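A short write-up of the structure that comes next.
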Amino acid sequence: MSAAASPAHELVRAGDRKSAMHWARLVPYDTGRFPFARVIAEDVFGTGGLEDLHRLLGAARPGRPLTHGDNFEQRGRIAALGDDSRFYAVYHAFVLEVVAPLFAGRISYSRHPTFRVHFPGTGAVSDWHRDADVTGRWDQINVWVPFVDTAGTSTIWVESHYGRGDHAPVPVRYGQALLFDGGALSHGSVRNDTAVTRVSMDLRIAPMPSESPHPDLGILALRPPGLHAPGPPAATNGAGGGMMAAGADPARAPAMG
Ligand SMILES: [Fe+2]
């Protein structure tokens, strides 16, 4: 499949204003100021390029193909980074300097993002789902941030509008963050048939009430009536952990749910 021809890609850039993914945002940021890939490569894997992580592991374990279990094992190594690591200094600065200003600084956000490692030749790292069905939080926006250039089967797939189920890949480059209604739009991934290891993080933000007529940038504006109804209680907290207010001291801020 050609990623460039995918409906979701076109919708993100210019498409149908009545489709929710039209209101998604691809937000550029400076990878020199926020060097996620270099920090993770150096501090977690001791390698130069995350996109070739499968070669590093393949060399260490010759003759054994990489599996779904390897995806989880390696993402666990990233998730083990401490709050005082270089990564979290970059992470909090990124949220405060790149994401929060889009919402006049008034957001809460995941204290810890969720990481994904998706090796070539391995199956989906997340089945089709809506975040709010897991978290019970219908007020949250998903911020999806790859640490390599992604497209086609290495990237996230999202339906174009609520309930359509027409999942299509959304190409996102390193240096871009995709903001979309992951709470209510079905999304996930497919078997990675590219030659690139995808390493990414996703976090959730919740705009706080403000004077703005569009405190959510319009990202949540097209939700059909009824979607804001409370869902079942969150069975797990697998969507990024506790939330904290933008601008709070990460070491001292209380969790916000
Ligand atoms: Fe999700």
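A short reminder: the numbers here are calculations on the coordinates, not readings from a lab. As the structure is a prediction and not an experimental result, all values here were calculated from the model. Every residue, glycine as well, gets a Cβ built from its backbone with ideal geometry; the counts of neighbours run over all protein chains shown.
One table, with the values for the structure above:
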{"quantity": "Full-extension gain in nm, R64 to A79, via 0.36 nm per residue minus C-alpha separation", "calculated": "3.0 nm"}
{"quantity": "FRET efficiency estimate (nearest 0.05) - Cβ-Cβ, F72 to D16, R0 41 angstrom", "calculated": "0.65"}
{"quantity": "Neighbour-count ranking [beta-carbon atoms within 10 angstrom, fewest first] of Y29, Y91", "calculated": "Y29, Y91"}
{"quantity": "Scattering profile of segment 74-149 at q = 0.14, 0.15, 0.27 Å⁻¹ [log10 I(q)/I(0), Debye over alpha-carbon scatterers]", "calculated": "-0.60, -0.69, -1.38"}
{"quantity": "Net charge dipole size for segment 3-245 [Lys, Arg +1 and Asp, Glu -1 on Cβ; Debye, nearest 20]", "calculated": "120 debye"}
{"quantity": "Charge dipole of the chain about the Cα centre (unit charges at C-beta), most positive-ward option of M243, A20, H68", "calculated": "H68"}
{"quantity": "Most mobile listed residue (A59, A100, A124) in the chain, GNM with C-alpha springs under 10 Å", "calculated": "A59"}
{"quantity": "Calculated diffusion of segment 3-245, Stokes-Einstein form, Kirkwood radius summed over Cα pairs, 37 °C and 0.692 mPa s, µm²/s", "calculated": "180 µm²/s"}
{"quantity": "Extension gain (nm, one decimal) between D149 and T47, 0.36 nm per residue minus Cα-Cα", "calculated": "35.0 nm"}
{"quantity": "Backbone N within segment 202-216 under 11 Å of label point (7 Å from A104 Cα along the Cβ vector)", "calculated": "208-216"}
{"quantity": "Virtual paramagnetic centre 7 Å along Cα→Cβ of A93, amide N under 19 Å, in segment 25-52", "calculated": "28-44"}
{"quantity": "Relative contact order (%) - criterion: Cα under 8 Å, at least six apart; region: segment 3-245", "calculated": "30 percent"}
{"quantity": "Proxy reagent accessibility, fewest Cβ within 10 Å first, across F72, F87", "calculated": "F72, F87"}
{"quantity": "Least to most buried among E51, E42 (fewest other Cβ within 10 Å first)", "calculated": "E42, E51"}
{"quantity": "Between segment 75-90 and segment 143-209, the alpha-carbon center distance in angstrom", "calculated": "21 Å"}
{"quantity": "Within the chain, helix-based [θ] at 222 nm, where runs of 4 or more DSSP H residues each add -39,500 (n - 2.57), nearest 500", "calculated": "-4500 deg cm²/dmol"}
{"quantity": "Rounded D (µm²/s) - segment 14-77, Kirkwood Rh over Cα pairs, Stokes-Einstein at 10 °C, 1.306 mPa s", "calculated": "107 µm²/s"}
{"quantity": "V27-A195 pseudo-label distance in nm [points 7 Å out on the Cα-to-Cβ vector]", "calculated": "3.4 nm"}
